[in-house]
Amino acid sequence: VSALLLTALFFKLGIEQRLREIGTLQAIGFAASRIRNLFLAEGLLLALIGSVLGLIGAIGYAALLMYGLRTWWVDAVGTTSLTLHVTWQSLVLGALGGIVAAVVCIFLTLRKIGRSSSRTLLTGNTNDTDSVRGTRSYVLVIAIAMTISGVALLLAGALKLIPQVAGFFGGGVVLLVAGICFLSVWLRRRQAATIRRPGWWGMSQLGFRNTTYRPTRTVLCVTLIASAAFIIVAVDAFRRSGAVANDKKSGSGGFPFVAESLLPIVHDLNSVEGRESLNLNNTNEETALKDVRLVSLRMRPGDDASCLNLYQPRNPKIVAPSEAFLNENRFGFQNSLEATDNPWLLLNREFPDGAIPVIGDANSLNYVLHLKVGEDFVTDQARLRVVASLSDSIFQSELIMSEKNFLRLFPSEQGYRYFLIDAPQASQAATVLEDRLSDFGFDAQSTEERLATFHRVENTYLSTFQLLGGLGLALGTLGMAAVLLRNVLERRRELALMRAVGYNSSHFAVMVITENVLMLCLGLAVGFVCALLAIAPVLFERGGKGPNISLGLLLLAILVSGATASLVATIAALRSPLLPALRSE
């Protein structure tokens, strides 16, 4: 979207720069169709050259992204074998898309200019008060309609009449459009108070006023910035962080550590007899394991069902907790087959067709197994039916079924090989268990570390999406610099007159910088606020925790870079010749 808007903006600026040429051609008898074809042919040639350069840049950008996945982000993909795959179809489609977009932009611009008279074009100005006033009324109606629609979507999402993600994200996007429309109406106002204050504040007000000189250009720039800011903020909100270890409804279930063993353990690790059988009864070990409770789960080894596996599992790993664990109702759920206070009990449900109920993590179900709640996964042993999905849990590598069904399907799997450790001093207890149960291949890991491993994959791909959003912001900043430069060149007679009556370089710098900063702030504010509305469910889920500091620094860097870019326009204004501009005034 940013690239298309920037394409439209640049072609519009290029054609408006040659209004007198178009007016001259019309005045000496060239038909409107011939003028349009002349500019379309010129634009087509430029688009062809630009598309070739764009294809080279696209391949380079994709190659850099793949290099990052093989090196900087290798932990997210787990392999260095990723290579860039380029097809001629994608290159042709990309090039054609750019060419068509450019031609459409030129055609629409020429169509609007063709409605102006030759005399108007020869003055180099196509502003029409009646047209602007009519456009303002039309845009105001759209803005009000979009606002009503956006608020309706937000309310529907809040009341759960529609899915929350669709309601809030859709409402945020619609309100983003409404905000841009209201800005367009505000910029097209015709009546403004006289600036009476002298000095820096008066020049700042003049800079703010200059944004209304060409409202369409300003709206395009603000839209570029707002859209990119919306994407960056919205994407950043979905970054995952560690779970709270003592929260029973978090992704860790309140267990600080999780462990697996290569060989099954048949003894009860919570009983005195079981610990004696495993030589865990000396003084130091009894002290370390005091108040330690282990939840033992049966496990059938299989394919990893998490995002750490690049391939779709055929026989996923399955674990089975006891009935007592199901009644504890730990972990948070995202969805379930039936509305119930304890979705774990759905594992005991019996289906007429013989399907076995299982529970999986929502991320693994959606992105790895490609399953929804209520759908079946067929293995060599049985038909597994998903009855509930956990929300961002430590069980992303496996499916969970009841112990009764597990023993019936896998009678050869004896003992326990999956353990959840609950203890005040869990780290010390995990170290003792790893040492004393090393013959069983007992390996413990903190639940926070396990979740961080899963999150690293998701956060890495979010980073790649944010890079694209950052590219959109860079395009927006470039577009604003071009607009400011064009505005300054069009107003060089006005600026020359101001210099002649005593305004100096610092006054021009303040005027141009405030004009640019206003566009930047408007775009960032609209995009940021609408993005917060779009991600409201995520913010509520995380207790009101908003975007992180790095995001704020990124937006601040964009603001500073935009202000710096405006200095280019200031320098251009100061270098414009004074006398020739005054003579034509």
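The values are calculated or read from the model by the stated rules, or taken from the named source; none is laboratory data. Remember, it's a predicted structure, so these values are computed and weren't measured experimentally. Cβ atoms come from the backbone with ideal geometry, glycine included; neighbour counts cover every protein chain shown. Side chains are part of the model used for accessible areas, which takes the heavy atoms of the whole protein and leaves out ligands, DNA and RNA. Shrake-Rupley method; radii C 1.70, N 1.55, O 1.52, S 1.80 Å.
Among the chymotrypsin sites (Phe, Trp or Tyr not before Pro) in segment 8-55, those located in a DSSP loop and surrounded by at most 15 other Cβ atoms within 10 Å of their own Cβ are F30.
If the segment from A525 to T135 were pulled out straight at 0.36 nm per residue, it would be longer than the present Cα-Cα gap by 138.0 nm. Evaluating 6.51 cos²θ - 1.76 cosθ + 1.60 at θ = phi - 60° for every residue in segment 333-340, the Karplus couplings come out as 10, 8, 7, 8, 5, 10, 6, 8 Hz, glycine and proline recorded as x. Taking amide H atoms as placed 1.01 Å from N in the peptide plane, the amide H of F333 lies under 5 Å from those of S391, each 5 or more residues away in sequence or on another chain. Accessible surface computed residue by residue for segment 248-381, with neighbouring protein chains in place and a 1.4 Å probe, gives 49 Å² per residue.
For a Förster distance of 41 Å, can you work out the FRET efficiency between the beta-carbons of A101 and N270, rounded to the nearest 0.05? So, using R0 = 41 Å, E works out to roughly 0.05. Taking the longest Cα principal axis of the chain as reference, the axis of helix 215-236 is set at about 10 degrees.
Between T464 and D439, full extension at 0.36 nm per residue minus the direct alpha carbon distance yields a gain of 4.7 nm. For K112, the lysines whose Cα comes closer than 16 Å to its Cα, not counting residues fewer than 8 places off in the same chain, are K12. Helix 426-436 axis versus longest C-alpha principal axis of the chain: approximately 50°, rounded to the nearest ten.
Computed from Cα positions, the angle between helix 549-575 and the longest principal axis of the chain comes to roughly 10 degrees. Model label sites at K112 and N279, defined 7 Å from Cα along the beta-carbon direction, differ in position by 8.4 nm. Estimated at 0.36 nm per residue, the fully extended path between L84 and L161 surpasses their Cα-Cα distance by 23.4 nm. Could you compute the FRET efficiency for R34 and T120, with r as their C-beta to C-beta distance and R0 at 22 Å, rounded to 0.05? Step by step, r from the Cβ atoms, then E = 0.70. For segment 362-367, the Karplus equation 6.51 cos²θ - 1.76 cosθ + 1.60, evaluated at θ = phi - 60°, returns couplings of 4, 5, 5, 5, 6, 9 Hz by residue, with Gly and Pro reported as x.
Could you give the size of the charge dipole of the chain about its Cα centre, using +1 on the Cβ of each K and R and -1 on the Cβ of each D and E, expressed in debye and rounded to the nearest 20?
The calculation lands at about 4680 debye.
Measuring with a 1.4 angstrom probe and ignoring ligands and nucleic acids, M66 comes out at about 40 Å² accessible. Segment 29-82 and segment 358-385 have Cα centres separated by 40 Å.
I'd like the distance separating the alpha-carbon centroids of segment 437-488 and segment 83-99, in whole Å. Cα centres, segment 437-488 to segment 83-99: 25 Å. Computed from the C-beta positions of V560 and E494, the FRET efficiency with R₀ = 25 Å rounds to 0.35. Each residue, N504 and R456, gets one label point 7 Å from its Cα in the Cβ direction; the gap between the two is 5.8 nm.
Both radii were evaluated on the Cα set of segment 145-211; the Rg over Rh quotient, with Rh as the Kirkwood radius, amounts to 1.30. Here the chain carries DSSP beta bridges of which approximately 70% are antiparallel, counting only pairs with both residues inside.
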